[in-house]
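The numbers here are math on the coordinates, done by the rules we state, and not lab data. Only a predicted model underlies this, so the values are computations on that prediction, with no experimental measurement involved. Cβ atoms come from the backbone with ideal geometry, glycine included; neighbour counts cover every protein chain shown.
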Amino acid sequence: MGYGSIFLFIALFWFSFSNPCYSETDTLHQGQELKDWDELISSNKVFCLKFFSFGTMVSPYLGVFYNNIQIRQRHSDYYQKKEPDEFSNMAVWVANRNNPIPDIYGKLVIDVNGKFSILSSGGTVLDLYSPTSLVACNASVTLLDSGNLVLRELHLDGSVKRVLWQSFDYPTDTLLPGMKLGINLKTGHRWSLTSWRNDELPAVGLFTLDLNGTGQMTILRKGNVHWTSGPWQNGQFKNTDLQLSGPDVRLFYVSNESEKSFTYLTRTYDSYPALRMHQYGQLKGSLLNLNLVCRSIDDPPGCAENLFEKLKCRKDYDLPPEENDNSYYSYVNEYVYDESYNFYDCLQICWSNCSCVAFTTTRNRVGCKTYGKREYNPRVYRQETAEQHKNYYTFKYHAG
């Protein structure tokens, strides 16, 4: 055996023992580390937990995904691959949405006291669970087939003593079957969804879906009531069109002395059941798809904000704007960069300026550029082709 082969053998031997891969297990135990190249896979391979990024060397986030390689759609006597959709490659839960890992050394650990943390080379990034007392306990974390990541204290024989923490109590932007939307009236803990800042930034965005004290689903925009669902009537909320994806889906609304909550369950995971609070204020998913653009109060039903004043240069059918990648607009104005700007802010800015026929977000998809219509100019067009990858939002009608 040559020196190269000997070196390779030693390296592989050392790597296999010093960096165990957990891709074939659903559980992380004390003394183990889940690192950038590792995954937890739920027992029936429905979900996976992994570090992820958006095309960078660093994987700054830890999230739960549908394990879409294994998702199957039952057809006759065999299983057929389910076609990917929006939820097949999007994180349905992010552990550290506001605390990205700053380097390539991120890892998930449980210490001897049961503290459950994300670490980097510089120390603690985020404690997901911290015990109230520093007493040694036997603990492990398991990714369930529901997508729930559960930290449990165990008896000496390995049986479950109690649940210490679970991800279903801390939803991000997506409601999975079994997750709750509402409030625990005894503890005051709320279950709500908050949109991402944009498609590549999981940090808290503009819109929050909550279940308010009256039992209605409410979308808040920057803390203000943006839309309400209406009361629960005959198995659905008044201002929604719940589109059940078959007889296997069941909706539940609970209102008692302990909690007010909404949830849904499904018997199978043949598709990618999920309900997402989208960054543009829409509710999207296999259960409910509410492409909501609130023009004014009760237009459409449930809207609670006057966002778009009536202007002669605008028509009702201008909303929602059309998305395209054309570059035939002249530059009008670039607004000062502001991290609070998002799609809705840009839409309002453009709507209120009758010379504006299109807009796009800037600087990591926040901040605004607006565009006015002009005659085609080949020289300018060539200069703009470098920006054709941007998504431009245009109004269908323009007067003047």
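Charge tally around L176: other residues with Cβ under 13 Å, Lys/Arg +1 each, Asp/Glu -1 each, net -1. Which loop chymotrypsin sites (Phe, Trp or Tyr not before Pro) in region 28-67, with loop taken from DSSP, have no more than 14 other Cβ atoms within 10 angstrom of their Cβ? Here the chymotrypsin sites (Phe, Trp or Tyr not before Pro) that fit, given the DSSP loop and packing criteria, are W37, F54. Inverting the pair-averaged 1/r between distinct Cα atoms of region 171-307 gives 15.2 Å as its Kirkwood hydrodynamic radius.
Panel order for W227, W165, by other beta carbons found within 10 Å of each beta carbon, from fewest to most: W165, W227.
Neighbour counting of Cβ atoms within 10 Å sorts the residues I110, I297, I118, I183, fewest neighbours leading, into I297, I183, I118, I110.
Checking the cross-link pairs K50/K107; K115/K180; K186/K260; K284/K369; K222/K315; K107/K180 against a 21 Å limit on the alpha carbon distance flags K115/K180; K284/K369; K222/K315; K107/K180 as lying beyond it.
Over the Cα atoms of region 22-168, compute the convex hull volume and normalise it per residue, giving Å³.
On the way: hull volume 19.0 nm³, N = 147.
Each residue corresponds to 130 Å³ of Cα convex hull volume.
Could you list E259, E322 so that the one with the fewest beta carbons within 10 Å of its beta carbon is first and the one with the most is last?
Working: E259 17, E322 11.
By the 10 Å Cβ count, ascending, the order reads E322, E259.
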